[in-house]
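What follows is a single structure, written as structure tokens, with notes after it.
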Amino acid sequence: MSTQVQAGIPFSVAQDQQAFRLLELPDEILELLSTPNPPVLHIKSQDPSSLPPGKQAHAHLCTPTSTYRISQIQTSNSVHVTCPVTTSSDSSEVPIGGISAIATCTATLNLDKVVDDPTPSLKQMLRLYDGSRSTDSFSKRGKADVFGDIPFSDAQLERVWTSQIAFEHNGVCARPTTDAALRLWRSVFAAATAEGIDLTTQFYADDLWKATEEDDAPKPLLEALIKRLGAESSDSFVSLSKADVLMWTGLALLEEQTTNSGQNGVERAKLLLMWKGLVPERWHDDVHLDLIKAYIIQPTSNTVAFRASADEAPGTASSGEKKPAAGARRWHEKFKRNKN
């Protein structure tokens, strides 16, 4: 009985090559996709109309919580994508197993985690609401459409959306000016005081809306302001965060007074007195300039003013993209090293 000796695996190149792109996945994405219920990933790029002249939009891969910039890396080591085939020169011969290259890839797509601050991108897409006119005059564009044109994950955009007191009303996305938001808070605080609503404890959200609905502010704006102030909800009740209320009212008041008083700023004692007038009496002892010191400049020895570059204050995301960790290599570099 004769035997056949096969000295290797037959290899061929398919005549009709297919188009493939190889994407190298970071460990965190690979783990995410390996879960029992993997999330949907999205590829986003910025709306070209919102870019400065000459600047190109880049594709980004977004998980529910993180963003990765997609870049193409050329490599001298061509990679063949293969599939198993069976070959035989004659129907009487035993089929021989082999592999066939159905695509050749000379470049790979790599993912670099983005740590840019999405605040400027989102602010650019939101109409500015100053309270002097209805949002009906704004062009219609919903929140989902706005998020879809900004290359950041929904969780990152949602954090900025909350911090900017952004709201959607009648199909329009907007953010209030500091003056408009502060006017609304003054109205809320005055109404809560008049109606006996204790803002330091849980309260019924609809009671607050009923007390302020005569001010003609959109209800979604009030809801956005309450959410910005760290509101935690339980059924129909909400409770505010003392830390968030003190920080936001102090910063908003400082910005308002700096605008009104010009370069000389506002007297410390006057600012503190006005600040206490914006928060419940139970929190007065916690009103201190140290809470907002990162946003303060001192034009004179007894005055303070709002620092114009507050967006760069500690606590915001740094610019630039995260570099690969020292010692990390691209997969094709590892291949080259092992080959040698």
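Being out of contact with any strand residue (DSSP E or B) (no Cβ under 6 Å at 6 or more places or on another chain), at pLDDT 85 or above and charged (D, E, K, R) is the requirement here; does Asp90 meet it?
no
Yes/no matrix, rows are residues, columns are (1) at pLDDT 95 or above; (2) outside the structural domain of Leu182 (by TED's automatic domain parsing); (3) surrounded by 11 or more Cβ atoms within 10 Å (Cβ to Cβ); (4) among the aromatic types (Phe, Trp, Tyr):
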| site | (1), (2), (3), (4) |
| --- | --- |
| Asp27 | no, yes, no, no |
| Ser66 | yes, yes, yes, no |
| Ala103 | no, yes, yes, no |
| Leu126 | no, no, yes, no |
| Gly131 | no, no, yes, no |
Checklist entry - Can you name the residue in the stretch 253-271 that is surrounded by 17 or more Cβ atoms within 10 Å (Cβ to Cβ) and of a type outside the set (Gly, Ala, Ser) and is also nearest to Phe203 (Cα to Cα) among such residues? => result Leu253
Next on the checklist: With the structure loaded, tell me whether Thr249 is closer than 21 Å to Leu182 by Cβ, out of contact with any helix residue (DSSP H, G or I) (no Cβ under 7 Å at 6 or more places or on another chain) and either at pLDDT 95 or above or outside any loop (DSSP other than H, G, I, E, B) (or both) or whether it fails that test.
Outcome noted: no
Checklist entry - Which residue out of Leu240, Leu208 is surrounded by 15 or more Cβ atoms within 10 Å (Cβ to Cβ), at pLDDT 90 or above and not charged (D, E, K, R)? => result Leu240
Checklist entry - Out of all the residues in the stretch 140-149, is one or more of a type in the set (Val, Ile, Thr) and in contact (Cβ under 8 Å) with a residue 40 or more places away in the chain? => result no
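The values are calculated or read from the model by the stated rules, or taken from the named source; none is laboratory data. Since this is a predicted model, take the numbers as computed values, not measurements. Backbone-built Cβ (ideal geometry, glycine too); neighbour counts: all protein chains shown.
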